[in-house]
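Asker: Have a look at the structure that comes next, please.
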Amino acid sequence: FKGVHYEMIVKSKDFEWMIHSTIMKPIGTEIGMTILPENIHIMKKVREE
């Protein structure tokens, strides 16, 4: 928990997303995402593969 939001890593077949949410999901939970253009924030990569 990061104060006002949870930080989670979500993995798909070809990509890994860092998600900030006010709703916590347990590890292994399948989720769905809706990404609206006004909610996209481009940020510096925080970790290397």
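Asker: If you keep only loop residues by DSSP, which chymotrypsin sites (Phe, Trp or Tyr not before Pro) in the chain have at most 11 other Cβ atoms within 10 Å of their Cβ? Kindly include the intermediate steps, with their values, before the conclusion.
Answerer: Values: sites: PHE1, TYR6, PHE15, TRP17; in loops: PHE1, PHE15.
Loop-located and lightly packed - PHE1, PHE15.
Asker: Grab the chain and count how many Lys pairs have their alpha-carbon atoms under 22 Å apart, sequence gap of 8 or more, or different chains.
Answerer: 9
Asker: So how compact is the chain: Cα radius of gyration and Dmax in angstrom?
Answerer: When restricted to Cα atoms, the chain yields Rg and Dmax of 11.7, 30 Å.
Asker: In addition: Within the chain, report the trypsin sites (Lys or Arg not before Pro) that DSSP leaves as loop and that have at most 12 other Cβ atoms within 10 Å. Before the final figure, lay out each step's value.
Answerer: Working: sites: LYS2, LYS11, LYS13, LYS44, LYS45, ARG47; in loops: LYS2, LYS13, LYS44, LYS45, ARG47.
Listed in order of number, the matching sites are LYS2, LYS13, LYS44, LYS45, ARG47.
Every number here is computed from the coordinates shown, using simple stated rules; none is lab data. The structure presented is a predicted model; accordingly, all values stated were derived computationally and were not measured. Because the Cβ atoms are built from the backbone with ideal geometry, glycine has one as well, and the counts that use them run over all protein chains shown.
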